[in-house]
Every structure is written in structure tokens, then in C-alpha cells.
Amino acid sequence: MAKGQFGHVLVPVASDADAESTAEALADHLDADRVTVVHVVEKAGGAPDKAGVEQREEAAAEAFERFEEAYGESVETDIVYDTDVADGLLTAAAEVGADALAFTPRGGGWFERLLSGSVTRQLLDETDRPVVVLPGGDQ
Amino acid sequence: MSDEELAKDLGPFAALTIGVGTMIGAGIFVLPRQAITDAGSFAVVSFVLGGVIALFTAFSASELGTAMPKSGGAYYYVNRALGPFFGSIAGWSNWLGLAFASAFYMVGFGRYIQNIIGVTGSLELGIISIAWVKIIGLFGAALFTFVNYVGAKETGKLQNVIVAILVVILAAFTILGTTQANVANLPAATGYGPMFATTGLIFVSYLGFVQITSVAEEIKEPGKNLPRAIIGSVVIVTVIYALVLIVMSAAVEPGFIAALSEQQIAVVEVGRLIFWPLGTALLIGGLLATASSANASILASSRINFAMGRDRIVTPDLNEIHDRYGTPYKSIAITGGLILVFILLANVETLSTLSSVLHLVIYALLNVALIVMREADVPEYEPSYTVPLYPFTPIVGAIVSLALIYFIDPRVIAIGAGFVVFAGLWYLFYARSRTTRSGVLGDWIRSRSDELPDAAVSAAASVEPDANDYRVMVPLANPNTERDLIKLGGAIAKHHGGTLHAVHIVTVPDQTDLQYAKEHLGEFDGDTAGVLEQARLDAEEFEVPIETHTVISHRGFEEVFDAATTHEADTVVMGWGGNSHGSPGRIESAYDEVMQRLPCDFIVMKDRGFDPSRVLVPTAGGPDSELSAAVARILRDAYDSEVTLLHVADDETEGREFLDEWAEANGLPDATLRVETGDVEAAIERAARDATLLSIGATEQGLLSRLVSDSLTMDVIDDLDCTVLLTETAHDRSLRDRLFGSR
């Protein structure tokens with residue numbers, strides 16, 4: 001199967017496990033000249049966050065590391081702060097001038113969706129550039 | 001907006017409500033019946049006194065918070081200032097204190113639910129009987145643990161609304177109550193003894209303000225908003241408590257409150273008497289208040305866990321973030337479990353006083369931490385808010401915090417002391433071998449070991465961390481060579497699994513007061529923050545843990561030796577040449593006195609671009625050239641360097657024999673061996689033409705003398721085109737294996 005080709009791909013990662021499966025799927029299915037891996041720190045917007053910012057930044061650094069290990073080459077990384085994960089990703093994509101977004105859907109049951117909505121759904125609905133949904137997520 | 005601004009999104013009002021919301025739930029909705037029954041009209045004084053005691057510490061917490069707006073708050077400051085022994089005590093006390101407080105809030109929550117739905121008595125399960133109030137409390141605790149576990153972000157904003165509602169309800173109570181108040185109703189005071197005891201009991205109402213510091217990293221403009229939120233919340237709740245207490249005592253006949261049963265809630269009963277719907281509002285208010293206090297406390301405890309885990313006081317595994325919820329779920333689950341156990345095991349008074357005892361220990365430590373930070377004169381310590389009347393305020397703050405413990409039930413003090421002892425032992429037997437960061441106090445004592453009594457020095461040494469903590473100190477002066485020094489130092493630190501300590505030494509003229517220089521750093525050195533920040537970035541790129549320090553001194557070069565001692569460096573990597581550290585004249589004058597005893601291994605780099613691809617090590621044997629071989633070995637492992645060993649001998653065969661053996665003994669059997677005869681200097685120069693880096697040991701003379709005298713090596717170094725590393729081992733160290741490890 002031929003691989004998809006993009007110049008600059010923005011890849012969101014949520015955790016180190018997600019980073020690993022996303023990196024593997026990306027390496028298998030896409031040819032990208034340039035990859036920017038992004039982690040969104042979800043802010044409460046005027047109330048204390050569910051985990052401290054320093055703690056989230058450490059977790060992001062770990063996820064980036066896992067991504068590079070699994071992907072096999074070094075990539076650009078960015079931490080974004082936003083009250084809405086999908087909005088944060090789309091803003092970041094516009095800022096770095098990404099040609100496409102690529103991610104593995106994270107699934108989740110009705111309960112998670114009730115809590116935080118479906119980021120996948122929101123990305124698909126609101127995107128202003130191509131979105132590549134990679135296989136190999138949780139479902 | 002910058003990332004920084006986006007990450008810090010707590011405004012002044014949000015910060016204030018964290019404090020007010022955590023505090024207001026507890027005392028006023030649960031404890032007044034007991035307080036007024038015990039202390040009579042002095043119950044008001046008890047609440048005000050509690051507020052005043054809290055205020056002293058609030059000043060100190062504000063100053064520390066503006067200087068170090070970091071996750072973990074109180075624990076972080078104590079750990080930084082007093083070291084990990086006291087850090088462990090503060091961390092555990094804060095964590096358990098919050099769990100006890102949350103258990104107390106949840107029993108209060110249970111009492112409110114009980115009043116609303118009207119169940120009384122206990123649930124009988126065979127031989128076990130559990131009061132319904134506790135069962136409801138357990139359900140409440142499980143619920144709020146769950147809410148934090150899944151991290152519903154709406155709860156945070158709800159907190160702001162709840163606090164606003166509470167303030168409105170209590171204001172209505174005060175205003176309506178005043179219309180019916182009569183001074184004649186005030187109960188008699190029962191004396192100072194019961195008043196102090198009551199202060200101990202109700203002090204749980206003042207535990208919230210420190211939690212603001214645990215989210216300090218998220219507060220906008222912390223320099224301004226943090227002190228306002230901390231001090232403001234203490235003042236606001238003190239005023240509210242005092243007014244509510246006065247109205248409660250004066251609006252009803254004497255004896256009314258004392259006659260209430262334990263299951264009745266004083267503030268609600270009085271409210272009903274004043275104006276029936278007010279009682280209902282207070283019933284709902286109490287429910288919201290206890291819930292928001294518990295919710296905020298559970299959240300704050302996970303921040304403290306994080307900071308403790310980061311310093312390896314507890315296992316960092318606790319800090320794992322949940323894949324989906326993005327919450328520190330393990331830490332929250334454990335805290336939730338503790339709360340459930342505490343609700344089951346202890347009664348309301350024990351829960352509240354125990355959490356007060358543990359918090360008072362932290363408050364005392366916070367005040368001492370502030371004094372240490374001020375007295376040790378740490379250049380990085382630049383609070384934008386400073387306590388009034390220093391040193392009076394923190395000294396009084398520490399004394400009154402400890403003094404209040406005295407008035408709490410001795411059995412509870414004993415349990416609290418047990419936890420403190422546990423935390424100390426935990427440090428000595430678990431954390432000491434894992435944590436690496438020593439405190440400002442320890443550094444301060446070490447740097448003055450000559451002047452201080454031996455007992456103090458050895459006491460401090462006995463609680464210093466002893467984890468594998470190989471320290472490479474890199475004094476930085478010249479931004480052009482900074483990156484190369486960090487690269488080399490980083491490779492050495494990484495080899496030993498240790499840390500880099502970048503030290504920027506700012507030299508000020510003798511006639512300038514050091515304190516003045518500290519406050520006007522910019523005049524003497526434009527770019528302290530810049531050099532250290534660059535070092536931090538470079539170290540991150542090489543994936544080496546780094547700590548940065550600024551030292552202000554009248555001396556330039558000699559300060560390197562003092563800093564190496566203070567920071568317990570195992571190796572110093574420094575630049576030389578150009579204007580690296582003071583003028584050459586200064587070096588020469590400095591040399592004689594310091595060179596007699598190098599505190600640790602020194603590697604001095606004459607930087608002509610750091611390229612470790614072909615390393616040349618000339619040797620005639622001796623410890624210093626063994627060190628230069630060790631450096632070559634580390635570079636080979638890190639950068640795949642080709643290593644060439646050079647020995648100049650009178651007899652070529654003997655020379656080859658020597659070098660074969662030497663290469664083997666120094667872990668470089670794969671190195672290219674080069675044996676020459678004749679002039680040493682010329683041989684080194686010839687060999688160095690093929691090399692990118694020369695690593696050479698100092699021999700009989702002190703290494704640094706070679707920098708200033710016209711000795712042989714000196715000329716060679718000047719004539720070469722490659723970067724030169726001069727190595728010299730610590731003079732008083734015979735156990736070289738400790739330094740350059742097993743091969």
C-alpha cells in the first residue's frame with residue numbers, strides 16, 4: 001500500500017502510550033518531511049487545573065521522548081495550553097503552518113465523552129486542513 | 001498571548017477563592033457549638049486569635065511564594081530552604097494534614113446531609129456499628145475523590161460560585177442576626193485556658209491559605225496576586241468568622257447553644273430562629289462549604305505529592321498522569337483511601353485537631369524557612385513581596401504556631417508527633433538514598449564549617465542526601481565558551497548518572513557592598529540570567545539534569561574553589577583563556593594560596609571549538625594523566641572519539657611496554673598507541689596536528705601554575721590549534737575510584 005505524503009504534519013499526543021502507538025502508525029502510513037508533535041495541556045480557565053502545569057509538562061516531555069523512540073528520528077515538539085484540546089490543536093496547526101493533522105483516535109466510552117466530549121469528533125468537525133486518522137488507536 | 005500567560009490563568013479573584021473556599025467550609029459550619037459551649041463569649045476571641053496566628057504565617061508564605069512560584073507550595077519552600085529531612089516532614093505533614101482535614105470536612109458534610117434527610121443513630125452490622133454521619137461522610141469522600149480522579153474541569157469553576165454563595169449567605173446571617181442581637185445575651189467568658197484550647201480546636205478553620213501556594217505556578221502575576229490572595233483570604237475569613245460568632249452568641253438567649261445536641265448544627269439552629277428560610281439556606285451553604293473544602297484539599301494534596309515525587313521523597317510513580325483523564329490518579333486514589341480510613345477511625349475532634357497540629361508544624365517550618373532564605377543570602381532568592389517587620393514577623397509566626405500546639409489535646413499531639421517522627425525516619429531509611437537535592441541551610445552550614453560548632457556541622461551532614469549524586473560544577477563567565485563547557489561537563493555528569501551545577505560567578509569591585517550588588521545585579525553583570533538560562537537549555541538538549549546558581553563575590557577565580565566546596569562538586573569543568581575568570585594577574589596572585597589543596601578534580605578547557613572526534617592523550621604516568629585518560633574514555637563512550645595515546649621515552653621498546661600496560665590499566669586498550677623519543681614538546685606538537693582535542697594531565701606542579709608560568713606545557717598549548725583540556729586530580733583524594741568510577 002502506498003504511503004500518504006505530506007510536507008509538514010502536526011501530530012497530537014495525549015500520553016506516553018498514545019505517543020508510542022501514534023508514532024508507530026505514523027511511520028507505517030505516512031511520509032512526512034517534517035513532523036511537529038504537540039501535547040495540549042488542558043487548562044481549567046480560571047480555576048485550579050486537575051494536575052499541576054509543571055506535572056503536565058513533565059508528562060509531555062516523557063510522551064515526546066517515547067514518540068521519538070518509536071518513530072526512530074527526532075521531531076519538533078510543542079506544548080500548547082488551551083481550555084479546549086481540539087481548539088488548541090487547530091491553533092497550533094495554523095501557527096506552525098502544518099499541511100495536515102494526523103492522529104490515532106483515542107476512543108473512549110460514553111463516560112469519557114460525557115466528561116470531555118470527543119476530541120476526534122470536534123477535530124473532524126472544525127478542521128481547516130486535511131486530517132489523517134491513523135489506525136492503531138485504542139479501538 | 002505567550003505560553004507563559006496561557007499556562008498562568010488564575011486571576012486574583014480565583015486565587016482568593018481557593019483560600020476562602022478551603023477555609024470557610026470547615027470551622028464556621030461545624031465547630032461553633034463546641035466553641036461557644038467551651039469558651040463562652042471568648043469563642044469570638046478564639047476565632048480572631050486563630051486568624052492572627054494564621055496571618056503571621058500568611059506573610060511568610062506570601063514572601064516565599066513570590067520568590068518560588070512552584071508546584072507543591074509549602075513543602076517546596078521547606079525542602080529548598082531547610083533540606084530534604086525537614087522537607088520530608090513538611091511534605092508528609094502537609095499531605096496527611098490535608099487528608100485529616102478532608103476527613104473532618106466530610107464528617108461535617110455527613111452531618112449536614114443527616115440534618116436534611118433526618119436519619120439519626122447508627123447502622124448496625126452485626127457486631128459493628130457505624131454512625132450514619134460517618135457512612136454519609138464515607139460516601140461523600142468517595143464521591144469527591146472520584147470527581148478529582150476523573151478531573152471534571154467544571155468543578156473548579158463551580159468553586160468560585162460556591163464561595164460567592166457562601167459569602168452572601170453568611171452576610172445575610174450577620175445582617176439579619178444583628179437586628180435581633182442583644183449584648184445581654186452574650187454568654188459569660190470561661191477564661192483564658194478554655195479560650196486557648198478552643199483556638200486549638202477551631203484552628204482547622206484556617207488551614208486553607210497555604211493551599212494557594214500549592215497552585216502558585218498557575219497564578220497570573222504571582223508577585224502581585226499571590227500575597228493579595230493569601231493575606232486577603234485570611235483577613236476576609238477572620239472577619240467573617242468573628243461577625244458570625246458575635247451574632248450567633250448575641251442573637252439567641254444564653255444557654256440556647258449549649259443546650260443543642262451534638263447532632264444539631266448551631267449555625268443552622270440559630271439561623272432558623274432568626275428567620276426560618278435562613279436556616280435552610282445555611283443548611284445548603286454548609287453542604288456546599290464542606291464539599292468545596294474537601295474538594296480543594298484533595299486537589300492540593302496531589303500537588304504536594306507531585307513535588308515530593310519529583311524530589312524522590314516518595315516514589316515518582318505516584319505522579320503518573322491518567323491516560324484519559326489527565327489527572328494524577330494514583331496520588332488522588334491513595335489520598336482518597338487515607339481519607340476513608342481516617343473517617344472510620346477517628347472522631348470529629350481528633351480529625352480537626354490532628355490536621356491542625358500537622359499544619360502548625362508546617363507553619364513553624366515555613367517561618368524558619370523564610371529566615372534561612374534571608375540569612376543565607378541566596379542570590380536567586382528575589383521575592384517581590386517581603387514580610388513586614390522582618391525578622392520579628394517570622395520569628396513570632398514560628399513561636400505562636402508551635403505554642404498553639406501546646407493547647408491541643410495531648411493524645412492528639414502524641415499522634416501528630418508520631419507522624420513527624422515517621423516522616424523523619426522515612427527520610428533517613430527511604431528517601432535519603434534517593435533524593436539528591438540538599439537545602440540552602442545545609443549549603444550554608446557547609447560553607448561555614450570552620451566557624452560553626454562541630455556538632456552543628458556533623459548534625460547537618462548526617463541528614464544530607466546520600467543518593468548517587470555525582471556533581472560536575474561548571475563555572476560560567478564567558479558566553480562564547482559556555483556551550484562547550486556544558487557539553488564536556490554534561491558528558492562527564494551523564495557518565496556518572498549525576499547532575500551538572502552551572503555556577504555564574506559575578507565579580508564586583510572590593511569597595512562594593514555584596515548586599516548592594518545582590519540587589520543591583522544588573523549594574524555589575526548584564527546577563528546573569530541569560531548565561532544560566534542558556535546553560536539550562538543546552539543541558540536539556542544533552543539530557544543532563546542541571547541546577548544553576550549565582551555567586552556574587554569580590555574575588556573571581558578563588559570563588560570557584562569555594563563554590564566547588566559548597567556545592568560538593570566531584571569535578572569542576574572550567575574555561576581558561578581570554579577573560580574567563582578575572583584578569584590573569586588575579587589568577588597569579590590567587591594561585592599560591594589555593595593550589596595547595598584542590599577540593600576536587602579539575603578540568604580546565606582552552607577552548608578552540610569542541611570537537612571530540614580525535615582525542616590525543618600524552619602521558620608519562622601519574623594520577624593527573626590517569627584523569628586525562630578517564631576524560632578521553634568518557635568522550636569515547638559519548639562521542640565515539642578515536643583516542644590516541646602518546647608517550648615520549650628514551651628507549652622505544654621500554655616506552656611501548658609502558659604504554660601498552662598503561663592503556664590497558666586505564667581502560668583504553670583500543671586506543672592507537674604512539675611512542676616517540678626525543679623532545680617532549682615537539683613530540684606533542686607533532687602528534688597534536690592530527691588531533692581535534694588534547695587531554696593532558698598536569699604533573700608535579702599544580703595545574704594552574706601552568707596557566708601562568710612559562711612551563712613546558714604552557715608553550716605547547718599556545719602553539720596548538722586544537723582545544724586543550726588540562727586535568728588535575730583532587731590533592732587530598734586517594735580513593736580515585738570514587739571519582740572516575742569503575743572501568
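Before moving on, here are some points about what is shown:
- Candidates are the residues of the stretch B:188-208 that are hydroxyl-bearing (S, T, Y) and in a helix (DSSP H, G or I); the one that is surrounded by the most Cβ atoms within 10 Å (Cβ to Cβ) is B:Y206.
- Where helices (runs of 4 or more DSSP H) fall entirely within the stretch B:1-60, those with at least 1 residues that are within 14 Å of chain A (Cβ to nearest Cβ) and either in contact with a Pro (Cβ under 9 Å, 6 or more places away or on another chain) or closer than 22 Å to B:S355 by Cα (or both) are at B:12-24.
- Considering residues of the stretch A:103-122 that are surrounded by 14 or more Cβ atoms within 10 Å (Cβ to Cβ) and either modelled with pLDDT of 85 or more or closer than 14 Å to A:V13 by Cα (or both) only, the residue nearest to the other protein chains (Cβ to nearest Cβ): A:R106
- For B:T174: the one exception among (1) at pLDDT 85 or above; (2) out of contact with any helix residue (DSSP H, G or I) (no Cβ under 7 Å at 6 or more places or on another chain): (2)
- A:A100 being among the aliphatic types (A, V, I, L, M), more than 22 Å from B:E217 (Cα to Cα) and either touching a Pro at 6+ places or on another chain (Cβ under 9 Å) or facing another protein chain (nearest Cβ under 8 Å) (or both): yes
Each row is one residue, and each column tells you yes or no for (1) surrounded by fewer than 21 Cβ atoms within 10 Å (Cβ to Cβ); (2) touching a Pro at 6+ places or on another chain (Cβ under 7 Å); (3) not charged (D, E, K, R).
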| residue | (1), (2), (3) |
| --- | --- |
| B:V210 | no, no, yes |
| B:I240 | no, no, yes |
| B:L260 | yes, no, yes |
| B:A266 | no, yes, yes |
| B:V270 | no, no, yes |
| B:L273 | yes, no, yes |
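- Among the residues of the stretch B:317-347, those that are on the phi < 0 side of the Ramachandran plot, at pLDDT below 90 and facing chain A (nearest Cβ under 9 Å) comprise B:N319, B:E320, B:I321, B:H322, B:D323, B:R324, B:Y325, B:T327.
- Strands (runs of 3 or more DSSP E) within the stretch B:650-743 that include 2 or more residues in contact with a Cys (Cβ under 8 Å, 6 or more places away or on another chain) and modelled with pLDDT of 80 or more: B:693-697
- Qualifying residue in the stretch A:44-57 (condition: in a loop (DSSP other than H, G, I, E, B) and β-branched (V, I, T)): no
- For B:G309, the test of being touching a helix residue (DSSP H, G or I) at 6+ places or on another chain (Cβ under 8 Å), facing chain A (nearest Cβ under 10 Å), at positive phi and not aliphatic (A, V, I, L, M) is failed.
- If you go through the stretch B:630-643 and keep only what is part of a helix (DSSP H, G or I) and surrounded by fewer than 18 Cβ atoms within 10 Å (Cβ to Cβ), you end up with B:D637, B:A638, B:Y639.
- Cβ-Cβ contacts under 9 Å between residues 6 or more apart (or on different chains), taken from a first residue in the stretch B:365-393 that is small (G, A, S) to a second residue that is in a loop (DSSP other than H, G, I, E, B) and at pLDDT below 95, are listed as B:A369/B:G439.
- Taken over the stretch A:16-51, the criterion of being charged (D, E, K, R) and facing chain B (nearest Cβ under 9 Å) is satisfied by A:D16, A:D18, A:E42, A:K43, A:D49, A:K50.
- Residue in the stretch B:91-102 that is farther than 20 Å from B:S233 by Cα, in contact (Cβ under 8 Å) with a residue 60 or more places away in the chain, within 14 Å of another protein chain (Cβ to nearest Cβ) and of a type outside the set (S, T, N, Q) present: no
- Criterion applied to B:G65, B:G97, B:G87 was being over 30 Å from B:D466 (Cβ atoms) and either in contact with a His (Cβ under 9 Å, 6 or more places away or on another chain) or assigned to a helix (DSSP H, G or I) (or both), and the one residue passing it is B:G65.
- Residue pairs meeting the criteria (Cβ under 9 Å; at least 6 apart or on separate chains; first facing chain A (nearest Cβ under 7 Å) and aliphatic (A, V, I, L, M), in the stretch B:150-162; second in a helix (DSSP H, G or I) and buried (at least 21 other Cβ atoms within 10 Å of the Cβ)): B:V150/B:Y329
- Qualifying positions in the stretch A:1-13 - within 11 Å of A:F67 (Cβ to Cβ) and in a loop (DSSP other than H, G, I, E, B): A:V13
- Taking the listed residues B:L646, B:L627, the one that is of a type outside the set (F, W, Y) and not in a helix (DSSP H, G or I) is B:L646, with no other qualifying.
- For the stretch B:183-191, the criterion of being more than 17 Å from B:Y385 (Cα to Cα) and β-branched (V, I, T) is met by at least one residue.
- Where a residue in the stretch B:421-445 is under 18 Å from B:N94 (Cβ atoms) and its partner, wherever it lies, is among the aliphatic types (A, V, I, L, M) and surrounded by fewer than 19 Cβ atoms within 10 Å (Cβ to Cβ), with Cβ under 8 Å and at least six apart: B:T435/B:A467
- Taking the listed residues A:E54, A:E68, the one that is within 7 Å of chain B (Cβ to nearest Cβ), under 30 Å from B:A307 (Cβ atoms) and surrounded by fewer than 22 Cβ atoms within 10 Å (Cβ to Cβ) is A:E54, with no other qualifying.
- Here B:Y77 fulfils each of the conditions (1) within 14 Å of another protein chain (Cβ to nearest Cβ); (2) in contact with a Lys or Arg (Cβ under 9 Å, 6 or more places away or on another chain); (3) among the hydroxyl-bearing types (S, T, Y) apart from (1).
The values are calculated or read from the model by the stated rules, or taken from the named source; none is laboratory data. Because the structure is a prediction, the values reported are computed rather than measured. Quick reminder, even Gly has a Cβ in these numbers, built from the backbone with ideal geometry, and neighbours come from all protein chains shown.
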